[in-house]
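S.K.: Pasting a structure below so you can have a look.
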Amino acid sequence: MAELINNMPEMVKTDAQIKEERRQEFLDKVDFIAGYFRENPHRFATWFLNLNLKPFQEILICEMMRNNFFNYNASRSQGENLPT
């Protein structure tokens with residue numbers, strides 16, 4: 001009987017091992033999604049915040065994320081808050 005227990009294949013996992021694998025899979029998915037949205041902040045604003053951005057706003061958001069020093073001087077028409 002002891003020989004059977006000692007010769008068991010490594011396929012049997014403990015509850016702690018299963019929980020650790022699930023935790024690691026979850027953290028890998030979170031890492032992937034966070035990395036995706038860090039690279040595409042305009043998609044985060046569109047998907048997660050449910051904002052409808054114009055193309056120039058997407059470009060501005062991307063530039064704000066990629067550059068430490070960002071200066072945007074809005075022209076007169078872009079500073080107004082008109083419904084379009």
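S.K.: Can you name the condition, by its number, that Leu51 falls short on among (1) assigned to a loop (DSSP other than H, G, I, E, B); (2) loosely packed, with under 10 Cβ neighbours inside 10 Å; (3) modelled with pLDDT of 85 or more?
M.R.: All conditions are met except number (2).
S.K.: Next question. Can you find even one residue in the range 3-21 that is of a type in the set (Lys, Arg) and either modelled with pLDDT under 90 or in contact with a strand residue (DSSP E or B) (Cβ under 6 Å, 6 or more places away or on another chain) (or both)? Steps first, answer last, please.
M.R.: Of the range 3-21, the ones of a type in the set (Lys, Arg) are 13, 19.
Right, trim to either modelled with pLDDT under 90 or in contact with a strand residue (DSSP E or B) (Cβ under 6 Å, 6 or more places away or on another chain) (or both) and you get 13.
So far as the range 3-21 goes, yes, one or more of its residues are of a type in the set (Lys, Arg) and either modelled with pLDDT under 90 or in contact with a strand residue (DSSP E or B) (Cβ under 6 Å, 6 or more places away or on another chain) (or both).
S.K.: Just the residues that are among the polar types (S, T, N, Q) and either in contact (Cβ under 8 Å) with a residue 24 or more places away in the chain or part of a helix (DSSP H, G or I) (or both), please, taken from the range 11-36. If you could, list the steps in order and put the result at the bottom.
M.R.: Initial filter on the range 11-36 (among the polar types (S, T, N, Q)): 14, 17, 24.
Gln17, Gln24 - these are the residues of the range 11-36 that are among the polar types (S, T, N, Q) and either in contact (Cβ under 8 Å) with a residue 24 or more places away in the chain or part of a helix (DSSP H, G or I) (or both).
The values are calculated or read from the model by the stated rules, or taken from the named source; none is laboratory data. Just so it is clear, the model here is predicted, and its values are computed rather than measured. No Cβ is skipped: glycine too gets one built from the backbone with ideal geometry, and neighbour counts run over all protein chains shown.
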